[in-house]
Amino acid sequence: MRKPIIAGNWKMYKTPKESLAFLDAFLPLVEDHTRDEILLCPTMSSLGYVLEATIGTNVRGCAQNMHWLNEGPYTGEISPVMLMSIGCRHVLLGHSEQRLYFNETDDRVNLKLKAALNHGLTPIVCVGETLAEREEGRTEETIRRQIRIALQNVSSAEAHRLVIAYEPVWAIGTGSTATPDIAEEAHRIVRHELALCCSELTAEATRILYGGSVKPENISELMAQPDIDGALVGGASLVPETFAKIVHYT
Ligand code: PGA
């Protein structure tokens, strides 16, 4: 049984004050919700506040990135040990905006993934093709490569907490969501590659989230697909009422 995850990715939005105001409005709207895990990924400056304000609730805070080492001379970075020390248990890795604007590589995602698993963090590894890759017919090859390298030297036993987010780059922030069929097809490719890289068990147990212009209007048809186990929501997670509607998909 794969418990769905609905995660809100706030990207570089919301000060601590704005984050707490969001929670004031949002937490009562999802108070009794147990069907899905609910995550919020704030900026580093708001993460501690969100973690603290959600203690004892059904909402969890999630970091947007991290370094793979415990500590060191790496200005601007945060380590898995530091995330754990503030009560953070989830981290996004390899988001396409990190890949696109900050030269994140498949190899570094692999180092980060292994560090996250070693430290007891739940990694949400983002994969997905660009528009050019889709148009050149390289969607499958791209997704398979990203998964294969991310999972290098990760055993099936270690991968039990792994979460994947399939986010086609052409659907992120553009308003054009992948159709449920396109998303489902990509999720099947991800699951098949997980079976090849780890095991059938890992493939069956791993939750695969869809991301890219998810909104209240399209969440239900996406969640109806057998291989879609949740959503990573950007823009539509910034407004409490809108994100709560997504959480309450039917
Ligand atoms: P979007 O972003 O929902 O605004 O398209 C998704 C993401 O980047 O995780």
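Just so you know, all these numbers are worked out from the coordinates, no wet-lab data involved. Just so it is clear, the model here is predicted, and its values are computed rather than measured. Please note: Cβ atoms are built from the backbone with ideal geometry, for glycine as well, and neighbour counts cover all protein chains shown.
Data overview
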| item | result |
| --- | --- |
| Amide hydrogen neighbours beyond the local backbone of residue 93, cut-off 5 Å, H modeled | 124, 125, 126 |
| Stretch gain in nm, segment residue 157-residue 181, where the contour uses 0.36 nm per residue and the Cα spacing is subtracted | 5.5 nm |
| By average C-beta atoms within 10 angstrom, highest first, the peptides 97-104, 231-238, 48-55 | 231-238, 48-55, 97-104 |
| Cα-centred dipole magnitude for the stretch 108-250, charges only on beta-carbon of K, R (+1) and D, E (-1), debye, nearest 20 | 620 |
| Shape of the stretch 1-128, Cα gyration tensor, a/c cut at 1.5 | prolate |
| Over 30 Å (Cα to Cα) - which of 11/112; 114/245; 114/215 fall in this group | 114/245; 114/215 |
